[in-house]
Amino acid sequence: EEYFNGARPGDTANVKSVSKTIMSALVGLAIDQGHLRGLDQPIADFYADLLDGQDPRKRQITIGNLLSMQAGLETTSFYNYGAWVLSDDWVRFALEQPVRAAPATRLFYSTGNTHLLPAILTEATGHSTWRYAREQLARPLGFELSAWQRDPKGIYFGGNNMALTPRQMLAFGRLYLNGGVIGARRVISADWIERSIEPRV
């Protein structure tokens, strides 16, 4: 272990899109705990009103499609990222993107896909994504999780800007290497760990 340029072990760093992997773990926990039905649950269960009058293929998008970047929607990353984060409703903006391919057929990297997940988690669990992550993931791993950026509607950013220390990232990595177990405690199911690392595209 070595630190540079005045950094200390307790200093956090913005882990950028590694945040998407943390979000995947939270979805797995919510499935394990019965808050969500599974990867095949359609997002229309949570966004029915926003999807009214839109391309009917959007109702086929599942939670699993969001996690694997196969929702089929136009990306909100790269050339579209600025417009997305400057909008006053990140969830609506992401859902209003045109369908470029049928769900589950092509990969389009899009941070907007994973941002739909914390909004779903908030509704499904009854807690903010930060509170859920802190209580169900961070504390069992032995650390406190700092709050991170929220969108204009108050939803915690679901694909970017979490702040972690190297040791916290190591604890998370060990959780996956140990099949979801830390010490004698099972934190997340072995099934979720295995499904998380399956190649899909």
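Return the residues of segment 114-150 that are among the acidic types (Asp, Glu) and outside any loop (DSSP other than H, G, I, E, B); say none if nothing qualifies.
Within segment 114-150, the subset among the acidic types (Asp, Glu) is 123, 135, 144.
Residues satisfying the conditions are GLU123, GLU135.
Just to verify a result, which residue in segment 154-192, among those that are in a strand (DSSP E or B) and among the charged types (D, E, K, R), is farthest from THR111 (Cα to Cα)? Steps first, answer last, please.
The initial filter retains those residues of segment 154-192 that are in a strand (DSSP E or B), namely 156, 163-164, 181-182, 185-186.
Those still in the list that are among the charged types (D, E, K, R) too: 185-186.
Details: ARG185: 32, ARG186: 29 Å.
Per the stated criteria, the residue is ARG185.
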ask   = Name the pairs whose Cβ atoms lie under 6 Å apart, with the first residue in segment 51-75 and within 22 Å of HIS35 (Cα to Cα) and open to solvent by 20 Å² or more (accessible area, probe 1.4 Å), the second assigned to a helix (DSSP H, G or I) and of a type outside the set (D, E, K, R), and 6 or more positions between them or separate chains?
value = ARG59/ALA44; ARG59/LEU51; LEU67/SER24
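Just to be sure, is ARG185 touching a residue at least 24 places away in the same chain (Cβ under 8 Å), surrounded by fewer than 16 Cβ atoms within 10 Å (Cβ to Cβ) and in contact with a Phe, Trp or Tyr (Cβ under 8 Å, 6 or more places away or on another chain)? First the steps, then the outcome.
On the way: touching a residue at least 24 places away in the same chain (Cβ under 8 Å): yes; surrounded by fewer than 16 Cβ atoms within 10 Å (Cβ to Cβ): yes; in contact with a Phe, Trp or Tyr (Cβ under 8 Å, 6 or more places away or on another chain): no.
No; evaluated as a whole, the condition is false for this residue.
Of everything in segment 1-50 that's assigned to a loop (DSSP other than H, G, I, E, B), among the charged types (D, E, K, R) and within 26 Å of GLN149 (Cα to Cα), which residue is least open to solvent (accessible area, probe 1.4 Å)? Step through it out loud before you land on a result.
Step one: list which residues in segment 1-50 are assigned to a loop (DSSP other than H, G, I, E, B), which gives 1-12, 15, 33-41, 43.
Checking the rest, the ones that are also among the charged types (D, E, K, R) come to 1-2, 8, 11, 37, 40.
Among the residues that remain, those that are also within 26 Å of GLN149 (Cα to Cα) are: 8, 11.
Numbers: ARG8: 152, ASP11: 53 Å².
Here the answer is ASP11.
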message = Tally up the residues in segment 94-143 that are of a type in the set (S, T, N, Q) and open to solvent by less than 30 Å² (accessible area, probe 1.4 Å), please.
response = 7
query = Residue check, SER87 against (1) hydroxyl-bearing (Ser, Thr, Tyr); (2) out of contact with any Lys or Arg (no Cβ under 9 Å at 6 or more places or on another chain); (3) within 25 Å of GLY38 (Cβ to Cβ), all met but one. Which one?
reply = (3)
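The values are calculated or read from the model by the stated rules, or taken from the named source; none is laboratory data. Here the structure is a predicted model, which is why all the values come from computation and not from measurement. Every residue, glycine among them, receives a Cβ derived from its backbone with ideal geometry; neighbour counts consider all protein chains shown. Quick note on the areas: whole protein, heavy atoms, side chains included, nothing else; ligands and nucleic acids left out. Shrake-Rupley method; radii C 1.70, N 1.55, O 1.52, S 1.80 Å.
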